[in-house]
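J.: My questions all concern the structure below.
Each value in this text was obtained by applying a stated rule to the coordinates, not by laboratory testing. Here the structure is a predicted model, which is why all the values come from computation and not from measurement. Methodologically, a virtual Cβ is constructed for each residue, glycine included, from the backbone with ideal geometry; neighbour enumeration extends over all protein chains shown.
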Amino acid sequence: MELMRYTKDDLAKLLPYPARDANKYTRGRLVAVVGSAAYPGAACLSARAAERMGAGYVEVVTDEAAFMPLHMASSSLVVRSWNKFKAATWPATREGHPVAYLVGSGFDSADETSEQRARQVLKRARAAVVVDGGGLDALVSEKVARILAQREQDHFATIITPHMGEAARLAKPLGIPTDDPAQLALDLSQAYHVVTLLKGPASYISDGARVVIMDEGTPALAKAGTGDVLAGMVSALAAQGLDALDACVLGATLHACAGRAAASVLGEIGVIASDVIGAFGPAIDELDNGDHPNNQAL
C-alpha cells in the first residue's frame, strides 16, 4: 500500500479563513450532540475546540447536567437539551450555509440512550457527521450499517475518529485484521462507508480508496480530553465545507502542531487538553507563516 502525505502547502491552502463579507452562518454551523452528566468536560472541550477552529455557530445538544459547565466554558455556545431538540429543527447543509454534526464525545457507556442518539443523528442529519467516542458503538448494528450506506449514496460524509482500541471493536464483528493500522483504516472505511481517522502516535486517514499518514504528533497529546479536542476540530472544519478527507488531515495536523506548541511552553509532562485549544493560533501560523492575505494589515 502506498501511503500519501499532504505537504505544508497543501494544508495551508485548506485553512478556512473567512471571507470579508462572512457571517456566522456562512462560516459554518456545527451541531454537537455530545457530553453527559458523567462527562460534561468532553462536551466543553469539543465545543470550545470547534469555536476556536472557525465554526461560526456552535450549538451543543446535551444532558441538562452539563449546561452549567458549558456556559462557564464559553458564553457564546448555544446549549440545548436533547429531550427538547426536535428532528424538524435540525439544520441541513445548503449552498453557502454549510452544516455539520458531531456525535458521541463524552457519551456515558452506562447510558442506554447513547447508541439511540448516535443512530438518530446519523439517520436524520442532512449534512456531514463526525462520530467520536461513545457514538462509535452504534456503528456495529445492521440498522446503522444500512443508514451509513444510504448516507454515502446521498453524498453526506460520515467521519469516524477511533483510537486503536475503538477501531479494534469495530473491526472484530467483521473479522478485519488489526495488525497494520494503515490497512485497518482503509478496511474500516470500506466496510462502514465512512472516512476513518485512526488516531495514535501516527494517525492514518482513509476514505476507502486512499490512505494518508500524519506522523507529526507529540506524546504531550497522550492526555484525557485531547481526542475530544480533535473531534471538535475536525467537525468544525467539516462545518466550514471542507471535504471529509481534507478536514481529517488538516485537523489531525493542526492538533499535532498545537500539541507541540503547547509543549514548547509548558513541557511535554504538563500539557492538558485545554492547552491544546489555546495553541491553535501558533499551529495555524506554523502552516501558513502568517502569509494569508486576511492576516495582512490594511
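J.: Give the whole-number value, in cubic angstrom per residue, of the convex hull volume spanned by the C-alpha atoms of the chain. If you can, show how the numbers build up before the last one.
T.: Working: hull volume 38.6 nm³, N = 298.
It comes to 129 Å³ per residue, whole-number rounded.
J.: Something else: Using only alpha carbon pairs under 8 Å that are at least six residues apart, calculate the relative contact order of the stretch 128-275 and give it in whole percent. Walk me through the intermediate numbers first.
T.: Numbers: 240 pairs, mean separation 29.9, N = 148.
It comes to 20 percent, rounded to a whole number.
J.: While we're on this one: Using a simple spin-label model with points 7 Å from Cα along the Cα→Cβ vector, what separation in nm is obtained for LYS223 and ARG80?
T.: 3.3
J.: Now a separate question. If you plug each phi of the stretch 64-77 into the Karplus form 6.51 cos²θ - 1.76 cosθ + 1.60 with θ = phi - 60°, what whole-Hz ³J(HN,Hα) values come out, in order, with x for Gly and Pro?
T.: 4, 5, 8, 4, 4, x, 5, 5, 6, 5, 7, 6, 8, 6
J.: So, one more: Quick one, what does Rg over Rh come out to for the stretch 1-144 if you take C-alpha atoms and the Kirkwood Rh?
T.: Numbers: Rg = 16.1 Å, Rh = 16.1 Å.
Here the Rg-to-Rh quotient is 1.00.
J.: Another one. Pairs to check: LYS123/LYS199; LYS8/LYS143; LYS84/LYS172. Give those whose C-alpha atoms are more than 32 Å from each other in this structure. List each step's numbers first, then the result.
T.: Values: LYS123/LYS199 25 Å; LYS8/LYS143 40 Å; LYS84/LYS172 36 Å.
As for pairs spanning more than 32 Å Cα to Cα, those are LYS8/LYS143; LYS84/LYS172.
J.: Whose amide H sits under 5 Å from the amide H of ALA157, counting only residues 5 or more places off or on another chain, with H placed in the peptide plane?
T.: Answer set, sorted by chain and number: ALA128, VAL129.
J.: State to the nearest 20 debye the size of the charge dipole of the chain about its Cα centre, where the only charges are +1 on K and R beta carbons and -1 on D and E beta carbons.
T.: Using Cβ point charges on Lys, Arg, Asp and Glu, the chain gives about 980 debye.
J.: Could you give each residue of the stretch 197-205 its phi-based ³J(HN,Hα) in whole Hz, using Karplus coefficients 6.51, -1.76, 1.60 with θ = phi - 60°, and x for Gly or Pro?
T.: 10, 8, 8, x, x, 10, 9, 10, 10
J.: Above 22 Å lies some portion of the pair distances; for the stretch 65-158, what is it as a whole percent of all C-alpha pairs? Don't jump to the answer; show the numbers that get you there.
T.: Numbers: 1380 of 4371 pairs.
When every Cα pair of the stretch 65-158 is considered, 32 percent fall beyond 22 Å.
J.: Express in % the proportion of alpha carbon pairs of the stretch 176-228 at distances exceeding 13 Å. The partial results should precede the final answer.
T.: Numbers: 784 of 1378 pairs.
More than 13 Å apart: 57 percent of the Cα pairs in the stretch 176-228.
J.: Which percent of Cα pairs goes in each bin when the distances of the stretch 33-96 are cut into 5 angstrom slices starting at zero?
T.: Percent of pairs per bin, in order: 4, 18, 29, 22, 17, 7, 2, 0.
J.: Please work out the Cα center distance from the stretch 117-160 to the stretch 226-274, rounded to the nearest Å.
T.: 22
J.: On to the next question. If I histogram all Cα-Cα distances within the stretch 169-261 using bins 10 Å wide from 0, what percent of pairs lands in each bin?
T.: All Cα pairs, binned at 10 Å, distribute as 18, 47, 31, 4 percent.
J.: Dividing the convex hull volume of the alpha carbon atoms of the stretch 108-153 by its residue count, what do you get in Å³ per residue? Mind showing how you got there, number by number?
T.: Numbers: hull volume 3.0 nm³, N = 46.
Per residue, the Cα convex hull of the stretch 108-153 comes to 65 Å³.
J.: Would you please give the FRET efficiency between MET164 and ASP21, computed as 1/(1 + (r/R0)^6) with r the Cβ-Cβ distance and R0 = 51 Å, to the nearest 0.05? Intermediate results must be reported in sequence, preceding the final value.
T.: Numbers: r = 44 Å, r/R0 = 0.86.
Calculated value: 0.70.
J.: Enumerate the amide H contacts of VAL61 below 5 Å, restricted to partners 5 or more residues apart or on another chain; note that Pro and chain-start residues carry no placed amide H.
T.: Hits under the 5 Å cutoff: ALA32, VAL33, VAL34, ARG80.
J.: Please list, in order along the stretch 19-31, the HN-Hα scalar couplings obtained from phi with the Karplus expression 6.51 cos²θ - 1.76 cosθ + 1.60 (θ = phi - 60°), rounded to whole Hz, x for Gly and Pro.
T.: Ordered by residue, 3J(HN,Hα) equals 5, 4, 9, 5, 10, 5, 7, 5, 7, x, 10, 10, 9 Hz.
J.: How many percent of Cα pairs in the stretch 28-69 exceed 11 Å?
T.: 58
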